[in-house]
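Notes to accompany the following structure.
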Amino acid sequence: MDYLYVMLYILGGYAGLVLLAETLVWRIQPAMDGGVRITVTPDGGAPLQRHLYGFEHDGKLFVASNHWFRKWYYAALDYPDIEVTRDGVTRPFTARTVHGEEHERLSKDYNMGFVLRLICGFAPSKFLRLEPKS
């Protein structure tokens, strides 16, 4: 029975660590090298901005949602006409969700590493392809 309590404390401590890490990333949103800022504007709502790591793959720009708090991701799916600021330049883009083979390729090539995935509570990665508007 003592082992059960120890395991519950360990799991509770891990859940607390993940919640703390997710909350800090959600609130602080650090700007980073290779970073982009996306702005999603829901109909009649206030703009929602997030600093994310933007990466190119096969000549296309992507962002990933690797955390449990991903309101921005779902907002971008609902309102895919977004603005992306990269290297100080803001341009209109369309956000497209990534599925199937493309998702598998990105998941394989976009490796966060075990420690970062552990800290993020092994949240599943979800990707958006950012297509520039003409």
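Taken together, the values in this text are just the output of simple stated rules run on the coordinates, not laboratory data. Source: prediction; values computed, not measured. Counting neighbours? That spans all protein chains shown, and the Cβs are built from the backbone with ideal geometry, glycine included.
Pairing the Cα long axis of helix 100-109 with the longest principal axis of the chain, what angle in degrees results, from 0 to 90 and rounded to the nearest 10? Tilt of helix 100-109: around 70 degrees.
Sequence-ordered 3J(HN,Hα) estimates for the range 123-134 from the Karplus curve with 6.51, -1.76 and 1.60 and θ = phi - 60° stand at 5, x, 6, 10, 10, 10, 8, 9, 9, x, 8, 8 Hz, glycine and proline given as x. To the nearest ten degrees, helix 2-28 and the longest principal axis of the Cα atoms of the chain are 20 degrees apart. Considering only alpha-carbon pairs that sit under 8 angstrom and 6 or more positions apart, the relative contact order computed for the range 2-132 is 26 percent. Diffusion coefficient (Stokes-Einstein, Kirkwood radius over C-alpha pairs, 37 °C, 0.692 mPa s) for the range 2-132: 205 µm²/s, rounded to a whole number.
Dividing the helix sum by the residues of the chain, where each DSSP H run of 4 or more adds -39500 (n - 2.57), gives a mean residue ellipticity at 222 nm of -12000 deg cm²/dmol. Karplus-derived 3J(HN,Hα) values for the range 58-72, using 6.51 cos²θ - 1.76 cosθ + 1.60 with θ = phi - 60°, are 6, x, 10, 8, 10, 10, 10, 10, 10, 10, 6, 7, 9, 4, 4 Hz; glycine and proline are entered as x.
Exposure proxy ranking for Ile82, Ile38, based on other Cβ atoms within 10 angstrom of each Cβ and starting from the fewest, stands as Ile82, Ile38.
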